[in-house]
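Asker: Once you've had a glance at the structure underneath, I'll fire off some questions.
The values are calculated or read from the model by the stated rules, or taken from the named source; none is laboratory data. Quantities reported herein were computed from a predicted structural model and do not represent experimental measurements. Don't worry about glycine lacking a Cβ; one is built from the backbone with ideal geometry, like all the others, and counts go over all protein chains shown. When the accessible area is computed, the model is the full protein with side chains, heavy atoms only, and any ligands, DNA or RNA have been set aside. Shrake-Rupley method; radii C 1.70, N 1.55, O 1.52, S 1.80 Å.
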Amino acid sequence: RGSCASDSSDSVISTGSEAESQVYKVVLLGEHGVGKSSLARVFGGVEDAGHDCDEAGNTYDRSIVVDEEESSIVLYDIWEQDNSQWLKEQCMRMGDAYIIVYSVTDKCSFEKASELRIQLRRARQSENIPIILVGNKSDLVRSREVSVDEGSACAVVFDCKFIETSASLHHNVQDLFEGIVRQIRLRKDSKEE
Ligand code: GDP
Ligand code: MG
């Protein structure tokens, strides 16, 4: 039997949808400070007054309508929850799709994104998992260290999608998650016999 770990999602996810609407597990990866938790909170509709929930890992449950079809996403912001190798390996294994985040103001985080892409490819060799490379903090124009062109060129090498976002301004965050859902559906459809 396949699915473990998902528990109380039914009570959270909205009413009135078809019974078989699917739940997709999406995992956030990326260096500390790039904005993973901020993106997750925007996605989850959590407007944080104060940032006390910052340290612990979080999981967000939401249904999203894309192209007139509803899907449920569980978004995992647990990459930095602890430093165990076990957790990292779990993360690499559990996702139906991945969001690899860097900050456009931090070249190191961009280089780290490449490493993560390589690790992911290794962990899931034969699978063609949807990945979106995200350059976050696009609002910080003056401290930008990674250009849009560098980001999109990298995505070509990675063979994945690319988008720049600003979690602070909520810019492109909705597009990011719609994009993830579309990619997952595409792969699923092409796999189905
Ligand atoms: P994480 O370590 O990847 O989870 O990053 P956080 O979400 O905790 O964000 C790290 C810091 O960057 C926080 O101070 C955020 O307020 C800030 N931050 C996150 N996203 C953005 C963004 O899009 N623009 C700006 N200007 N700051 C951001
Ligand atoms: Mg965080």
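Asker: What is the diffusion coefficient of segment 69-193 in µm²/s, taking the Kirkwood radius over Cα pairs and the Stokes-Einstein relation at 25 °C with a viscosity of 0.890 mPa s?
Answerer: The calculation lands on 160 µm²/s.
Asker: Further, regarding this structure: Over 18 Å, how big is the tail of the calculated P(r) for segment 133-193, in percent of all Cα pairs?
Answerer: Roughly 45 percent, rounded to a whole number.
Asker: Sorting Asp96, Asp149 by accessible area (1.4 Å probe), largest first, what list results?
Answerer: Ranked list, largest accessible area first: Asp149, Asp96.
Asker: Still on this structure, please answer the following. Loop only by DSSP, 10 or fewer other Cβ within 10 Å of the Cβ. Give me the GluC sites (Glu not before Pro) in segment 65-110 that pass, ordered by residue number.
Answerer: Passing both the DSSP loop test and the Cβ count: Glu68.
Asker: For the pair Cys108 and Arg142, what calculated FRET efficiency results from E = 1/(1 + (r/R0)^6), where r is the Cβ-Cβ distance and R0 = 30 Å, to the nearest 0.05?
Answerer: 0.95
Asker: Which of Lys107/Lys191; Lys25/Lys191; Lys137/Lys188; Lys112/Lys191; Lys137/Lys191 have a Cα-Cα distance over 29 Å?
Answerer: Over 29 Å apart, Cα to Cα: Lys107/Lys191; Lys137/Lys188; Lys112/Lys191; Lys137/Lys191.
Asker: Per residue of segment 69-78, what does 6.51 cos²θ - 1.76 cosθ + 1.60 with θ = phi - 60° give for ³J(HN,Hα)? Whole Hz please, x for Gly and Pro, Karplus curve as stated.
Answerer: Rounded to whole hertz, the list is 10, 8, 10, 9, 10, 10, 9, 9, 10, 10.
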